[in-house]
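Here is the structure we will look at.
Derivation of every value follows stated rules applied to the coordinates shown; laboratory data play no part. Predicted, not measured: the structure shown is a model, and the values here were computed from it. Note that each Cβ is placed from the backbone with ideal geometry, even for glycine, and that neighbours are counted across all protein chains shown.
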Amino acid sequence: MAELTYREAVARGIAQEMERDERVVFLGEDVAKAGGVFKATVGLYEKFGPLRVRDTPISEQAILGAAMGAAMTGLRPIAEIMFSDFLAVCFDFIANEFPKSRYMSNGQLACPLVVRTGNGAGSRFGAQHSQSVENWSMMIPGLKVVAPSSPADVVGLLAAAVRDPDPVIFYEHKSLYAVKGEVPDGEILDKLGTAKILRSGRDATIIALALMVPRAMEAVEILARDHGIDCEVIDVRSLVPLDTQTILGSIARTGRLFTVEENPRLCGWGAEIASIAADECFYDLDGPIVRITTPHIPLPAADNLEDIVLPTPARIVDKIMRAMT
Amino acid sequence: MARKTSPSGGAGKNAGKSASKTRENTPKLANDDIGASKRMELYRLQYEIRVCEKKAYDLFLQNLVKGTSHLSLGQEAIAAGFAGAMKKGDLSFCTYRGHAHTLARGVPMEKMLGELMQRDNGLMRGKGGSMHLTSAEHGVMGSYAIIGAHLPIACGAAWRAQYLGHDDVTVCFFGDGTTNIGAFHEALNFAVVWKLPVVFVCENNLYMEYTPISDVTAVEHPAADRAPAYGLEKIIVDGNDADAVYRTAQKAFAKARAGEGPSLIECKTYRHSGHSRADPGAYRPKGELEEWMKRDPVKLYRARLAEFGVSEKDITAIEKAIDDELAQAVENCKASPVPPEEILTTDVYADGGWAWRN
């Protein structure tokens, strides 16, 4: 067991897979010699050399296109898109190319690749470098979508993503890069499509993703300590495939559902989960489903303003208190 | 259907037999750098594309070809010239105007027409349609309907060859309109910087869709004039001359296989029909089509074969074999059922299904 930061876990996960399989190659802007702008890929270039760890021009379409062409002809590429906001400049590959090649070709082509990208707010970078855009990819049939919240999950889910035969969009949260956590020694391989119950509770189910997971955990400790409300916290981890069994099973036990989402409210991932819960466990619910989200606005740069718009532990506590009492 | 076994044009097999007989009696062919067998293959490919595309249009008028389709009538020499120079294992990436390139790699006409007619016997059982023709076994790695997308994808396929030390070449076909989209420029720069074994082929048919390419492009030759900006040689070839195309392709492939990086080739040509089935091409100046019809690549090549001493009988034999195969292909497509509903949800994910949740 070693204590690693979330960013060190990224490098460890990539290294683990590159050591295991020579077909795994890695490309992106500033990822090789510079070790990544977030220092999440430090040491990979030195370890695996210039043929497997490659710096690219600032050409997001070329990066994702090259990853796709390599994937469909036998490699297992990992591509980095520095900020998830930049997925918008290469969205054709996310929306039209990766996820449709298998279907349109009636199974002749495959696209086994991973796109890693820095997602989320907290860095005071403003509206074009701070968004949580996991819902952009969740809506597209053919993609898988993962967003880990802890260093151990980064390694295990990244390994699972690299080994997965489908295209996986892997959202790393920028505000978690510095967070430390225990990571087991040796090879780690997790499973996509599995949510994790991080805290058991009787009174309400709180579902969160990425940076919202530690915030939800902090909130439920306050609720337990100060208000005697005992919440269950589920880290969704994987939006596609979605582990609805774990989620619905928890709601059946607690009778209440809260989602904590960093993406802006409209069509956020929690809306889909709320819809599933309403369809499939309506009679288990003892009260309305409540979504706690970022409002439907672009993100501001100023720290005080950014702090207001993201769900905070205090806001989570407040929302749950209002709904439960 | 058994005739097509090789991705680089099983068409050459039969053609070669009759041509070798001809060669003995025709000194002109003996001194030809392309050779009798290859010439017959090039004609065979062009003729097949021509009659198959015409048939696709007829079937559209009968409401048997559904959706949209983009024909390569008039552009056959490019598909034939490149496919004729490709080896088994080389990869083709096409656009939505990809019927010609798909056929040229040896995909049977029935499989292609079946897809256009959205029948169960189609290349992708009706799941892709005219704009997404794919036959991985023939090296046709897809037809891409978003302008520019497949240039970076072709770079990736070439990167794989470079990384694994394979000697195949990736060939990426696109229209003149593609030269004004960002992905074109990203891919060219990327391919040069990484020295990838990829050959980019621009089919300049003078119109991006309905608008003349010259009206919307800063340079005269939309692809070739951009080549020097990426450190590439400016290459323009007569796209209505299959021999010229074939020679140019050979040179570019040799460069790619030698590890000397990519090429960008602009082929000047003209499409005889509109942009898509919905377009009668009314925007073209009077007389332009007629002028280009004088340079119809199929007719020109047929005349060249005669110049080289190939007998009318040998040429007709090739044409008849294709006509017969096409007639049978159409009958088979008409007889084929539509795709069964159970394939609707197959192959969304690699497990074969579409499950996004447990």
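Each label was represented as a point 7 Å from its Cα along the Cα-to-Cβ direction; for residue B:57 and residue A:252 these points are 6.3 nm apart. Over what distance in Å are the Cα centres of region B:294-338 and region B:232-252 separated? A separation of 24 Å, based on Cα centres.
Using 1/(1 + (r/R0)^6) with R0 = 51 angstrom and r between the beta carbons of residue A:278 and residue B:291, what's the FRET efficiency to the nearest 0.05?
On the way: r = 66 Å, r/R0 = 1.30.
The computed FRET efficiency comes out at 0.15.
Computed over neighbours whose Cβ is under 13 Å from that of residue B:46, the net charge equals 0, Lys and Arg +1, Asp and Glu -1. Cα centroid separation, region A:294-325 to region B:140-192: 45 Å. Straightening the chain between residue B:358 and residue B:343 buys 3.3 nm, computed as 0.36 nm per residue apart minus the Cα-Cα spacing. A Förster radius of 56 Å combined with the Cβ-Cβ distance from residue B:313 to residue A:139 puts the calculated FRET efficiency at roughly 0.35. A cut-off under 14 angstrom between Cβ atoms defines the neighbours of residue B:338, and their net charge, with Lys, Arg +1 and Asp, Glu -1, is +1.
Based on DSSP H runs of at least 4 residues, each adding -39500 (n - 2.57), what is the mean residue ellipticity at 222 nm of chain A after dividing by all its residues, to the nearest 500 deg cm²/dmol?
Details: 11 runs with 116 residues, N = 325.
Taking each H run of at least 4 residues, the total per residue is -10500 deg cm²/dmol.
The residue B:258 and residue B:229 beta-carbon pair, evaluated with R₀ = 25 Å, returns a calculated FRET efficiency of approximately 0.60.
What percent antiparallel are the DSSP beta bridges of the protein assembly as shown, to the nearest 5? Kindly include the intermediate steps, with their values, before the conclusion.
On the way: 11 of 69 bridges.
Expressed as a percentage, antiparallel bridges in the protein assembly as shown total about 15.
Using a simple spin-label model with pseudo-atoms 7 Å out from Cα toward Cβ, residue A:187 and residue A:3 lie 2.9 nm apart.
For the listed residue pairs B:88/B:251; B:54/B:127; A:47/A:180; B:255/B:299, the alpha carbons are over 26 angstrom apart in B:255/B:299.
Our note on the geometry: Cα centres of region A:113-152 and region A:1-65, 17 Å apart. Counting Lys and Arg as +1 and Asp and Glu as -1 over every other residue whose Cβ lies under 14 Å from the Cβ of residue B:173, the net charge comes to -2.
Normalised by the residues of chain B, what does the relative contact order come to in percent, with Cα pairs under 8 Å and at least six apart? Please report the intermediate quantities before stating the final value.
Working: 685 pairs, mean separation 72.9, N = 358.
Averaging sequence separation for qualifying contacts and normalising by length gives 20 percent for chain B.
Computed over region B:238-357, the percent of Cα pairs more than 19 Å apart is 74. Under the simplified labelling scheme, the residue A:218-residue B:167 pair shows an inter-label distance of 6.2 nm, with each label point 7 Å from Cα along Cα→Cβ.
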